[in-house]
Structure formats: C-alpha cells, structure tokens
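Report on the structure given below.
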Amino acid sequence: MDLGISGKRALVCASSKGLGRGCAEALAEAGCALVMNARGSEALESAAADIRAAHGVEVVTVAADIVDPDGRARVLEAAGQVDILVTNAGGPPPGIWSDWDRQDFLDALDGSMLTPIALMQALMPAMISRGWGRVVNITSRSVKSPLLNLGLSNSARAGLTGFVAGTSRQVADKGVIINNLLPGVHDTDRIGQLDRVTSEREGISMEEARRRGEARIPAGRYGRADEFGKMCAFLCSAHAGYIVGQNIVLDGGETFATI
Ligand code: NAP
C-alpha cells in the first residue's frame, strides 16, 4: 500500500533504538525525510546511517535529551517545520506506590506527559496553518490496564492520554490527526531491563523471566519494533485522516478487554 506520505518530513524522538527506531524505519520506507533524536550520538549516527543506506532519504540527527528544555529546543530548531511528529522518550523506572516522592512524580510527568505536550504545542501551529499534520505518541498499555510494577507510568501517561483525548478533537478539522500507540511487551532494551528486574526479584534466570513473560501473552511472544513501526507509519499516512484521538493497543492480546 502506498501510504501517501513520500516527501513529508518527520521528527521521530528517542529513535536510535527500540520502538522509536522502528517508527523511524517505517516512515523512511514510506519515503519521509527524518529528523532523528537520542541522547547518545553513537547509536544515533549508526541508526541514521543504516536508514539512509536502506531507504535513500535525508536524515538529520540531533543528539540531545528530549526531556530537557535546552535539548528539546535544539531538536526543534533542527527540525524546523515538520509534517509528522512521533513523541517518545525513555519510560519511568519500575517500582510500587510507596517508593516515590514528589520529585519522582515530577520527573515522570516531565518525561511522559509534559515533553510530548510541549512538542505538540511547538509543532502543531505550523501543521494547522498548512492544513495537514500527523502526531503519534508512544505511550503504554499501562493507560488501558495498570501495570503493577510501573505505577509512575500508569500515572504520568494517563495525563498525556487525557490531553490527547481533548486536543485531538480540537485540531482534526484542521487536518491535524493525533493518536496514541500503546505498546505491550516489545523486544527492546527497555524490556530486557524489566526482565532483569524480574529475574533479580524472583531469583530466576533472564531466560526464565522472558519465558514467563511470553507465556502471559496470547500471541505467545514479545512484539517486534518493526511491526510497531509499521502501525505508526499507517497512523501517519494519508489514509488515517478519520482515526482521531484513539489509543491503539499493540500487545499480542495481553490486555483482556472485550472492546
Ligand atoms: P529502548 O529500547 O530503551 O529505546 C529507547 C530509545 O530512546 C533509545 O534510542 C534512547 O537512546 C532514546 N531515549 C531515551 N530517553 C531519551 C531522552 N530523554 N531523550 C532522547 N532520547 C531518549 O526503549 P523502548 O522499549 O523502545 O521504549 C520506548 C518507550 O516506550 C518508553 O517510554 C517505554 O517506557 C515505552 N514502552 C515500551 C514498551 C516495550 O515493550 N518496549 C512497553 C510499554 C511502553 P539514548 O539512551 O541514547 O537517549
């Protein structure tokens, strides 16, 4: 299928690895020029070189912390006007309700709620004036069904979800379409870290932690960044103009719900 976005310019935040990279790859495959970002420059430059070689698109890189206001300003300056925005950053640390103080909550809100909101506020006015734009926020299935070891994610991402629910309906008639993608367990470094926490807490091997994780998923496996990226590219496509403010769960069926 031609996604109808060849030649569009996309900013994909936190995209040297994992789900962000999967989104960057799929948008490049659809013919988008990219602005890619991560804190570490080595993996970022390597990912950008791979994408240029595979898809022949322009890729601008900005090594910066997207959560830090100065880092975000540098990313926005390099990005200029973009047609597509994919927001992403590292997730909050694991823990339970009694572990956190005020600063932990503020950090989680900064990374998982206020940063994507600041990016939308910076980039959507130009999308609105051009009459076309797409925003995909990478959130988590924790907003549909709480993850008991990730209470900071449950809390902070719910705030972003509320913002998107209202805002997406205020900009859709201006051609700007905002949706959220909710990953379940995907095979990335982040999940490796969470499996390590499980293995240490329960005194089991990493392989056993993964086996138990996969056994909880009806699809019987962890998801892949490339299939996640393809869904992101579709939500950024010319064909997604009637999908407004949705929270699309990609979790192999792990979240049990009838609708
Ligand atoms: P990952 O494999 O660890 O990759 C994270 C990427 O983001 C890396 O490129 C990293 O590069 C970059 N990054 C992290 N913090 C950043 C920051 N402050 N500024 C700029 N770049 C940053 O993680 P992932 O699994 O793809 O997860 C992406 C998001 O989805 C996270 O918020 C995670 O909590 C959420 N999520 C993931 C899953 C899953 O199954 N994987 C499930 C639910 C939710 P640098 O370290 O060099 O900056």
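I'd like the carbon and sulfur percentage of the solvent accessible area for the stretch 115-249, probe radius 1.4 Å, heavy atoms only, ligands and nucleic acids excluded.
Numbers: 3160 of 5950 Å².
The nonpolar share, carbon plus sulfur, comes to 53 percent.
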Item to check | Surface accessible to a 1.4 Å probe, His55 within the full protein complex, Å² | outcome: 60 Å²
Checklist entry - Among the Cys residues of the chain, which have no other cysteine Cβ under 4.7 angstrom away? => result Cys13, Cys32, Cys236
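Using a Förster radius of 45 Å, what is the FRET efficiency between Glu200 and Ile259 based on their Cβ-Cβ separation? Nearest 0.05, please.
On the way: r = 37 Å, r/R0 = 0.83.
So, using R0 = 45 Å, E works out to roughly 0.75.
At a Förster distance of 30 Å, what's the computed FRET efficiency of Val60 paired with Asp187, Cβ-Cβ distance as r, to 0.05?
On the way: r = 28 Å, r/R0 = 0.92.
Efficiency at R0 = 30 Å is approximately 0.60.
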Checklist outcome for this item: the stretch 132-156 and the stretch 182-241 have their Cα centres apart by a whole-number Å value of 14 Å
Checklist outcome for this item: With the 1.4 Å probe rolled over protein heavy atoms, the chain has an accessible area per residue in Å² of 46 Å²
Checklist entry - What residues of the stretch 124-153 lie in the reach of a label at Ile96, counting those whose backbone N is under 15 Å from a point 7 Å from the Cα along Cα→Cβ? => result 147-152
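So for Val197, Val244, what's the accessible-area order with a 1.4 Å probe, most first? Write out the running numbers ahead of the final one.
On the way: Val197 60, Val244 30 Å².
Correct descending sequence by accessible area is Val197, Val244.
Mean residue ellipticity at 222 nm from the helices of the chain, using -39,500 (n - 2.57) per DSSP H segment of n ≥ 4 over the full residue count, to the nearest 500 deg cm²/dmol? Before the final figure, lay out each step's value.
Working: 9 runs with 118 residues, N = 259.
Helix contribution divided over all residues of the chain: -14500 deg cm²/dmol.
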Checklist entry - Using modelled amide H (1.01 Å from N, peptide plane; none on Pro or chain starts), what sits under 5 Å from the amide H of Asn137, excluding residues fewer than 5 places away? => result Thr87, Asn179, Asn180, Leu181
Checklist entry - Given the convex hull over the Cα atoms of the stretch 101-165, what projected area results after averaging over all orientations, in nm²? => result 4.7 nm²
Checklist entry - If packing is taken as the mean number of other Cβ atoms within 10 Å per residue, what is the order of 147-156, 205-214, 14-23, 37-46, highest first? => result 14-23, 147-156, 37-46, 205-214
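Based on the Cα gyration tensor of the stretch 28-133, what are the three equivalent ellipsoid semi-axes, each the root of five times an eigenvalue, rounded to whole Å and given largest first? Before the final figure, lay out each step's value.
Working: eigenvalues 154, 69, 27 Å².
Each semi-axis is the square root of five times an eigenvalue, giving 28, 19, 12 Å.
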Next on the checklist: Once ligands and nucleic acids are excluded and a 1.4 Å probe is used, how much of Ser98 is accessible, expressed in Å² to the nearest 10?
Outcome noted: 70 Å²
Next on the checklist: Using 5 Å bins from zero, what percent of all Cα-Cα pairs in the chain falls into each bin?
Outcome noted: 1, 6, 13, 18, 20, 18, 13, 7, 3, 1, 0, 0
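The values are calculated or read from the model by the stated rules, or taken from the named source; none is laboratory data. It should be emphasised that the depicted structure is a prediction, and the values quoted were computed from it without experimental measurement. Reconstructed Cβ throughout: ideal geometry from the backbone, glycine too, with neighbour counts over all protein chains shown. Heads up: the accessible areas ignore ligands, DNA and RNA and are worked out on the full protein's heavy atoms, side chains in. Shrake-Rupley method; radii C 1.70, N 1.55, O 1.52, S 1.80 Å.
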